[in-house]
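Inspection log for the structure reproduced underneath, given as structure tokens.
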Amino acid sequence: MTRDRNHDRPMRDPIEIWEDLLHDAAEQAAEDSVPTEDDTRWAREVHAMVMARLAALRRQRAPLHVPVRRGVTIPPEIQAMDRGALVTQLERLRREANVRYAHQDLTGLTDHDLRTLLTVILEPSGR
Amino acid sequence: MKRDDEESEEVQAPPHFAPSEEWLAEFRRQCTETLVLLTVQYANTLDAGIGSEQPQDKRYPRTVVLRALADTQLGILRWDHTTPLKAHIEKAIQKRSRIEWKRARKRARQRYRHLSIDDTTPSGRSLALDELDQMMFERLTERERASEAIAELRARAADDPELRAYIDARCRKGSRAEVLRQTGLSPERYRQVARRLGQLIKQLSIEVRPRRGSGEDTP
């Protein structure tokens, strides 16, 4: 094993040391760099592509045949909630109660859709 | 959270890669546009090699990052979602770089076939001798080259005690946290040291590994 002459302690593998030094320098250089407009545009496109693929992976996990429920009666306390409160409540349920729903961002859904979703989730038979 | 320096593991793509809900949520949370930008810059610095500035053309680093992300989503690169995604992508970039460098090394002879030691012009002869020096250096093993590079780095850092102490600590300690503990560097001081380290690496007179351009350009 190579020894450090200055400290007389065993040194690590030179290849590993070199990789670590390169890594440290490259990571710092990346943090210091200022992206160009082209970099930002490219990153945005790649991010959108990666998210689309992620959505496809999520869809694969969903059951193919889900019974569509109609005629859900929305209770007054949910009816009274505004959009922000509905989204907050749904997000909390997703995080803490492991509730799953297909619309990850909850965008594109009307307030009525959100109230219906929350009602179905909170119904004992809907879980 | 597990340590972030574990190797990204490349495996056979599973026919039906079905990551867990937690995996998907973590990937979604961590894979930001910023992560994409940072890892491209990281790949660009590694691709620059030693003793040179970063290339302006980012096609190669972008391709490497895109491939690492796609391979992770396909399950070819196995990512443990309890570890940072950025470290996983960086490991994948390092691994790809190693493969490219090994390929380039095998093709070293092709790089110098245009040179002639019988060149009679002073510049031509000087160029041929320089390239022959480099060729001799390429005959060293990767471990010998790494040792040479570290030795030169330490010599160049002789007037910078903080950087020298950092390099020495890196030679003995495996993790950055241990090195910071030993050197007593604050996060801000560390960033400054890492910047000076990057500058010194650009000034090294030797190539620890051959340039990727001497091999195939596609990852």
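I'm trying to understand the selection: among the residues of the range A:31-62, which are polar (S, T, N, Q) and more than 21 Å from B:Y42 (Cα to Cα)?
The one that is polar (S, T, N, Q) and more than 21 Å from B:Y42 (Cα to Cα): A:Q60.
Only residues that are more than 20 Å from A:E31 (Cβ to Cβ), assigned to a helix (DSSP H, G or I) and away from chain A (no Cβ under 12 Å) were counted in the range B:136-195, giving 7.
Each residue in the range B:31-60 was checked for being modelled with pLDDT of 60 or more, surrounded by 11 or more Cβ atoms within 10 Å (Cβ to Cβ) and either more than 11 Å from chain A (Cβ to nearest Cβ) or part of a loop (DSSP other than H, G, I, E, B) (or both), and 8 pass.
The values are calculated or read from the model by the stated rules, or taken from the named source; none is laboratory data. Bear in mind that the values here come from a model prediction, so they are computed numbers and not experimental data. Backbone-built Cβ (ideal geometry, glycine too); neighbour counts: all protein chains shown.
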